[in-house]
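This report refers to the structure that appears directly beneath it.
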Amino acid sequence: MKLRPVILVLVILCGFYFLSTRWVPSGALAGLVHRSPASMDGGTTSNSSGPLGNFSLTEAHAAPEFDAEEQQNIAVYKKALPSVVNITSTEVVCCDFFLQPVPQQGQGSGFIVDNQGHILTNNHVVDNAQTVEVTLWNKKKFKATVLGVDHIHDLALLQIHGAQDLQPATLADSTHLMVGQLVYAIGNPFGFSGTMTRGIISAIRSVQLPSGNRIEDAIQTDASVNPGNSGGPLLDSHGNVIGITTVIASNPNGGADQSAGIGFAIPISTAKAVLEDFMRYGHTRRPSLDIVTLPIGPDEAAQIGLPADYGILIERVLPGGAAARAGLLGGNQLAYKGNTQVMLGGDLIVGCDGQEITTPQDLSNALNAHHAGDTVVLTIYRGQQRMNVKVTLSDAKQVLNGQQA
């Protein structure tokens, strides 16, 4: 008799299990008996049937909230986008079958720097253009005037007139950037306006432009950049401009230039110095020593027998330039560094105005703090003798082969 209650409970449980697993659950207990992954996530499942059969679609009740990383991405985009412009340049480069001139268009990016409609971009975006048109983020188009160009640093200053409620970009300081720092690129790759990509600073290094000129402290990034990004801003995590996207490393597999995970940007501190020249003189007067140099580290110093294990060795002094007028000496002994010819025996620069110079970036930063016509005091080694030499800086001249300072 005592087994009857036990048997009755077992029968009830077995019946409940049979009904809950063999029958489609419905009613108030359905969610408890047979909850689908969609219902656990707050989704709603709807069933429909038609000529192709039955379908069961799961839809979210509401869009999920953005996480902190997504919120940061969105904030950077919203802040920077209104200052980014699309630039279309038109030039006549060839003739058709009937020998009539045929216009060819190029595209690039740029960004607004003030409420007067001044825009910074790359020189190669507008080089040789007969007409330049700027499209703002709100799709309004304006004819642009090229006010000035800097071939050395591949920079150009444009201006548009009649635009209302312009939103200038915020320019940061690029002298203390760190490898690993998060960066964003906004531009118009392949004409797709308002495109943002994200990456990190991969390195800060000297890089040679297609023109043959070199950019010191160029910002290398793995943020995807493609043709059309040129001239657009490279931003920090606060949406401030730290660089101007200027060149990409071509895909080693060949074909059209496209992102290979290596892009370079001109540091904004260099661009601000060029802007200051435009404002003061109407053209660039970047200071130069008019020399071709070779960076020196401990290994090179030991092999050559230099009195210091750091500095910038002068390979060549440009005739009539600032260094030549000051009596600085270039190399006189041909040697090879790998497969590259170098000239040894020149003066070794180790300081500028009392600041130690250990890398080309140090020398570039020291010069960018001055203007053409200023006088600086260089600390050098000539042979084993340490001395100070006063040099009056000249305007930068183009050097196609080698590194100019």
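Values quoted throughout were computed directly from the atomic coordinates according to the rules given, and no laboratory measurement underlies them. Keep in mind that this is a model prediction, so the values were computed, not measured. Because the Cβ atoms are built from the backbone with ideal geometry, glycine has one as well, and the counts that use them run over all protein chains shown.
Observations, loosely collected:
- Neighbourhood charge, 14 Å Cβ-Cβ cut-off, centred on S193 and excluding it, Lys, Arg +1 and Asp, Glu -1: +2
- Cross-link pairs K79/K272; K337/K390; K272/K390; K78/K139 - those with Cα-Cα distance over 23 Å: K337/K390; K272/K390
- Positive-end residue, the stretch 287-395 charge dipole about Cα centroid, Cβ charges, pick of Q355, N368, Q303: Q303
- By average C-beta atoms within 10 angstrom, highest first, the peptides 279-286, 322-329, 49-56: 322-329, 279-286, 49-56
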